Amino acid sequence: QVQPVESGGGLVQPGGSLRLSCAASGSIYFMGWYRQAPGKEREMVATITVGGGTDYADSVKGRFTISRDNARNTVYLQMNSLKPEDTAIYYCYDGIRVQWGQGTQVTVSS
């Protein structure tokens with residue numbers, strides 16, 4: 001099994017936007033984005049099923065959008081109206097292969 005590969009993290013000012021990408025090693029089914037801030041446990045941010053059903057943490061509803069491109073075996077996380085409390089390492093989870101990505105840092109700071 002091969003880890004999914006995340007990209008798109010970086011430093012952004014409060015109120016800004018970022019789009020994260022996660023490329024899986026094969027066809028995608030259940031996929032998810034999770035995050036872990038310093039000193040805190042890893043938490044679910046957003047998930048998407050093979051049928052396109054989505055679920056979001058309350059803290060990101062209305063600001064983040066998860067989507068998928070089955071042809072590219074890729075899932076995205078569009079993050080708008082970013083807040084300092086969104087600062088964390090964001091991890092992609094490939095449910096069918098039970099694999100975590102290496103993570104990508106997102107820092108929201110002025």
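Checked against (1) assigned to a helix (DSSP H, G or I); (2) touching a strand residue (DSSP E or B) at 6+ places or on another chain (Cβ under 9 Å), ALA71 meets all criteria but (2). Looking at ARG63, ARG42, ARG19, just one residue is among the basic types (Lys, Arg), without any contact (Cβ under 8 Å) to a residue 24 or more places away in the chain and at negative phi, and that residue is ARG63.
Selection within segment 66-87: residues that are in contact (Cβ under 8 Å) with a residue 12 or more places away in the chain and more than 14 Å from the chain's Cα centre (by Cα). The member of this set that is nearest to ALA23 (Cα to Cα) is ASN73. Selection of segment 47-64 for residues being closer than 21 Å to GLN3 by Cα and assigned to a loop (DSSP other than H, G, I, E, B) yields THR49, VAL50.
Based on this model, can you work out whether TYR29 counts as hydroxyl-bearing (Ser, Thr, Tyr) and under 18 Å from GLY8 (Cα atoms)? Answer is no for this residue. In segment 75-110, of all residues being open to solvent by less than 40 Å² (accessible area, probe 1.4 Å) and acidic (Asp, Glu), the one that is farthest from GLY32 (Cα to Cα) corresponds to ASP86.
Every condition in (1) in contact with a Leu (Cβ under 7 Å, 6 or more places away or on another chain); (2) open to solvent by 70 Å² or more (accessible area, probe 1.4 Å) is met by PHE30 except one, and the failing one is (1). Restricting the search to segment 2-46, which residues are more than 16 Å from ASP69 (Cβ to Cβ), among the hydroxyl-bearing types (Ser, Thr, Tyr) and outside any loop (DSSP other than H, G, I, E, B)? Correct list: TYR34 only. Of the candidates LEU77, LEU82, the single residue that is in contact with a Pro (Cβ under 8 Å, 6 or more places away or on another chain), closer than 16 Å to GLY8 by Cα and at pLDDT 95 or above is LEU82.
Candidates in segment 52-74 are the residues that are among the acidic types (Asp, Glu) and over 12 Å from TYR29 (Cα atoms); of these, the one that is surrounded by the most Cβ atoms within 10 Å (Cβ to Cβ) is ASP55. Of all residues in segment 1-27, those being surrounded by 12 or more Cβ atoms within 10 Å (Cβ to Cβ), closer than 13 Å to THR107 by Cα and touching a Lys or Arg at 6+ places or on another chain (Cβ under 9 Å) number 2.
The values are calculated or read from the model by the stated rules, or taken from the named source; none is laboratory data. All figures in this text were calculated on a predicted structure; none of them were measured in a lab. Here Cβ is always computed from backbone atoms with ideal geometry, including for glycine, and neighbour counts include all displayed protein chains. All accessible areas refer to the heavy atoms of the entire protein, side chains included, with ligands and DNA or RNA removed. Shrake-Rupley method; radii C 1.70, N 1.55, O 1.52, S 1.80 Å.
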